[in-house]
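First up is the structure itself, then whatever we jot down about it.
The values are calculated or read from the model by the stated rules, or taken from the named source; none is laboratory data. What you are looking at is a predicted structure, and each value in this text was computed from that prediction instead of being measured. Positions of Cβ are backbone-derived with ideal geometry, glycine not excepted, and every protein chain shown enters the neighbour counts. Please note that ligands, DNA and RNA were not included when accessible areas were found on the heavy atoms of the full protein model with its side chains. Shrake-Rupley method; radii C 1.70, N 1.55, O 1.52, S 1.80 Å.
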Amino acid sequence: MKVVKFGGSSLADAAHVRKVIDIISSDENRQIVVTSAPGKRFSDDIKVTDLLITYAKKVMVKAPYTDIQNQIFNRYLAIGNEFSVPESVLTKIRAKITGLPNKSYPNNDYLMAAFKAHGERLNAELFAACLTQSGIPAKFIDPSEAGIILTDDPNCASVDESTYQNLGKINVGNERLVFPGFFGFTKHGDIVTFARGGSDITGSILARGLHADLYENFTDVDAIFAANPHVIKNPAPISKMTFREMRELSYAGFSVFNDEAIIPAIQGQVPINVKNTNNPEADGTLIVPEDELEVKLPVTGITASNRFAALYLHRYLLNKEAGFTRKILNILFKYNVSYEHMPSGIDDLTIIFDNSQLDNQTIKKMCADIRDEVSPDVMEWIDDYAIIMVVGEGMRARIGTIDNIIRPLAENNIAVHMINQGASRISIMIGVREHDANEAIKEIYNNFFLTKSEVLQ
Ligand SMILES: Nc1ncnc2c1ncn2[C@@H]1O[C@H](COP(=O)(O)OP(=O)(O)O)[C@@H](O)[C@H]1O
Ligand SMILES: N[C@@H](CC(=O)OP(=O)(O)O)C(=O)O
């Protein structure tokens, strides 16, 4: 049995939905279907999830919202009409959209989560109706019915282990089961969502919980490429990679697959196949356990993420002082701030943060406390920090990999602020300034993936 997840780009309009139905009908093992909310139909279109966020914000500030309600409903209507789904299905969808402001929520964070979740919830109901209309019996399953229980963290929830016992009770019969991605329920019955891009996580949870043989993740590219196609023109496709390579690459920018989504698949040892809805015959990228990768390349992929900030601290004899790091960690704890990495030298320490959890006020107070508490000789806050991740299972076995990464950067005057090698066996992490990140990716990519004559072209 296969779990198949279709991203927003694969369900953006009726023409795409038709392709998705063909994909499902071409393989009877594609029994469990996970849908995202309708995505962008053209480059400056707006995803339904973003429309729902705007709708929720209008409700919060009591601004008029009829237009946005209509805009959202029309996305579903256009698809539903094309498949002649029963009027009752569309009436129900409209009622659910317009009824959202009348429900009660513990607070605005839960309101936001419930509004966002309806992008996938309504799309799964509509899609089950489209499948049935096309002669493929299908049933919509609500996450509450399936027992998808998530933590009480309204817009960034994690799965509760009880979910897997609940999923174990589901009977997969002959009809296709259509689950909405992206959300679940807390133990108290409130709707909560994963972080953005979280429909991939639902697919992975279902693949583990239902003991699938394969998790197929359909998107809009032929494969996962060795670098972001928006940065490198025609990058090399990756035919096979390991779970942990994918985890590291998605953490630092490979947005094609959510970084947390890999975890349930690892726990259930379910291989993942990323494929293209617009070219389903292409093999795509297979993501497998470590022992199933025959050829271990020194570099499988290169990525950069700009979502970081760093605090650089310097003080002589830092290495001799017990409790220095502990004092800093206590301050981070006081402000409820987590850190991503903390590379250190003899007299230096860099703490790298995810910028999205910080505001100027918190940064100011936190830095003032650190200055008071540990009296550093030098302290610098770097707001435009980017992390480059070079990942490859075969990295350890090759001498000179680090040289091949760093040399092209030095030759092109790209300043390297931090190198972290060794913490992970399969990656090297490099800190650069944001404005240098894309150039750094290009130089490293050219050095590993292009022949000399290609570089000169
Ligand atoms: N290394 C990469 N390989 C392939 N696609 C990538 C990579 N990095 C970023 N992307 C982007 O990810 C997009 C697919 O992810 P996403 O838009 O979330 O799809 P979906 O709507 O199917 O969930 C691609 O269109 C591509 O622009
Ligand atoms: N619709 C949600 C969840 C998601 O995973 O979407 P997509 O599969 O289109 O990336 C979002 O936009 O974040």
- Which one of the conditions (1) near ligand 1 (Cβ under 8 Å from one of its atoms); (2) at positive phi; (3) surrounded by fewer than 24 Cβ atoms within 10 Å (Cβ to Cβ); (4) of a type outside the set (A, V, I, L, M) does residue 220 fail to meet, given that it meets all the rest? (2)
- Within the range 420-453, residues at pLDDT below 90 and open to solvent by less than 80 Å² (accessible area, probe 1.4 Å) come out as 420, 422, 424, 450, 451, 453
- Please note which strands (runs of 3 or more DSSP E) are completely contained in the range 133-243 and include at least 2 residues that are under 26 Å from residue 278 (Cβ atoms). 138-140, 176-180, 214-219, 240-242
- Task: Give me a count of the residues in the range 387-428 that are of a type in the set (D, E, K, R) and part of a loop (DSSP other than H, G, I, E, B).
- Result: 4
- Query: Do we have residue 56 as farther than 16 Å from residue 220 by Cα, among the small types (Gly, Ala, Ser), out of contact with any Gly (no Cβ under 7 Å at 6 or more places or on another chain) and away from ligand 2 (no atom under 16 Å from the Cβ) here?
  - Reply: no
- Item | Pick from the range 15-41, criterion over 14 Å from residue 131 (Cα atoms) and polar (S, T, N, Q), ranking: nearest to ligand 2 (Cβ to nearest atom) | 36
- Answer with yes or no whether residue 256 is buried (at least 23 other Cβ atoms within 10 Å of the Cβ), of a type in the set (A, V, I, L, M) and within 14 Å of the chain's Cα centre (by Cα). no
- Query: Could you count how many residues in the range 1-36 are among the hydrophobic types (A, V, I, L, M, F, W, C), within 16 Å of ligand 1 (Cβ to nearest atom) and assigned to a strand (DSSP E or B)?
  - Reply: 5
- Message: Kindly evaluate residue 95 against the criterion of being assigned to a helix (DSSP H, G or I), on the phi < 0 side of the Ramachandran plot, hydrophobic (A, V, I, L, M, F, W, C) and touching a residue at least 60 places away in the same chain (Cβ under 8 Å).
- Response: no
- Given 351, 287, 382, which one is among the aliphatic types (A, V, I, L, M), within 18 Å of residue 421 (Cα to Cα) and part of a strand (DSSP E or B)? 351
- Query: Cβ-Cβ below 8 Å, separation at least six or inter-chain, first residue in the range 217-228 and over 12 Å from residue 254 (Cβ atoms), second at pLDDT 95 or above and near ligand 1 (Cβ under 6 Å from one of its atoms): which pairs?
  - Reply: 217/7; 218/7; 218/10; 220/7; 220/9; 220/10
